[in-house]
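The values are calculated or read from the model by the stated rules, or taken from the named source; none is laboratory data. Keep in mind it's a predicted model, so treat the numbers as computed, not measured. Heavy atoms of the whole protein, side chains included, go into the accessibility calculation; ligands, DNA and RNA do not. Shrake-Rupley method; radii C 1.70, N 1.55, O 1.52, S 1.80 Å.
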Amino acid sequence: SPGGESPGGESPGGESPGGDSPGGEDDAVAESPGTTRPIARPTPPTRAELWRRAIKLPMYSVALAPLVVAGALCHHWYGCVNVPQWGALATGACLVVAWLNLSNDAWDAATGVDDSKPESVVRLLGGDEGEDARKAAVNKVHAVALGCLALGVGGLCFAATQLAANAAADVAYTVLAMLGAAVAAGHMYQGPPFRLSYEGMGEPLCFAAFGPLATGAFYLALAGGVPGGSVWMGVPATPTLLQPGVLGAAVLVGITTTAILFTSHFHQEEGDRAAGKKSPVVRLGLRKAIDVLRGGVLFHHFLASFLAFNGWLPVMGAVGVFIAMPLSIGVSSFASRHADTPAELFRTKYGAVRWHAAHAALLALGCWLDPWMVWNWHRVPGLALGAPYV
């Protein structure tokens, strides 16, 4: 999952990754034997730097991206967004992602996968000082994680039930079921007795949870929370997932979110193999995994074009996807260039996070702008009450 940032070094997209280096070390200058060219020598990171990496702030983009896109689609079809409801959904989603981050850290520490990871929350709480200390730290992390989960689920349930009078009651049940399935997928990813990430099933779970399930549920909740129905004639008062653009955008969000998880394995092949974790890079091998990334990037943009051409995605939404395309090419190109130096590939996930965040923002902007484009001038304003047309 996305970690913190550090200065220096090449990164996908041609920028500094601002990322942490393998093993949590930054670069310093040293002298290579037999040459005057400086080479890298590790410098231990500070404790504050390790905590910053452990918090993984960029990871929370995966909570907000589905919500930003869903809000834009709600505005596209209904003309406004219930801002307090959006805020409640955002708070709940971030708390659930905090639970995922902390619980995954605790489960990895319990199985020994994170023994060499200095930014592990369990290790930062003294879990590397002995077996008893490890158990105590794991229990602490689990307790905080479960607290985040309880608060997050409570916030999501509250927001999901804040529907307008014109929305059908079963919308709330659909939203709760979809969000519940997304949370369950998060537990099955790493938690017992499933631990599906060890079987190489993390990527499908990630795609389903953050793509169709989360993005679709957020759209239904937000569109159902618009008072008075749509500002456009002919739009149903009760939203559905079959409205053009909803599932198409959800699939695109799911793909970019999955790319973050997929690229995070690139520099961990040996560690995953030693721990018995059948991650994609272990199953495929590093070079084939990089080829899959390159093919996936091309497929993603072909899919955006296909969806827009068939009316399953707002045209301007597809334009936004292509504006973010250079970032995706930068990610795959960086991975290809460093296939022979796996230790450098830890930076690939930072490029994937940048692409994911920019892609979501531009996709959302395109969906929001689309009603004002010339091809939508035939749409007739309705008479929705309490839903200002802006």
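A few notes on this one:
- Partner lysines for LYS288 [C-alpha distance under 16 Å; skip if fewer than 8 residues away on the same chain]: LYS278
- Straight-line cross-link partners of LYS140 among the lysines, defined as a Cα under 22 Å from its Cα and at least 8 positions apart when in the same chain: LYS56, LYS117.
- ALA164 long-range amide H proximity, modeled H, under 5 Å: GLY225, VAL226
- Extension gain, ALA184 to TRP372: 0.36 nm times the residue separation minus the Cα-Cα distance gives 63.8 nm.
- Rh by Kirkwood over Cα pairs, then Stokes-Einstein D for the range 252-390 at 0.692 mPa s and 37 °C, µm²/s: 197
- Using heavy atoms of the protein chains and a probe of 1.4 Å, the accessible area assigned to CYS80 is about 20 Å².
- Potential lengthening between ALA133 and GLU199 on full extension [0.36 nm per residue; Cα-Cα distance subtracted]: 20.9 nm
- For TRP232, distant residues with modelled amide H under 5 Å away: GLY382
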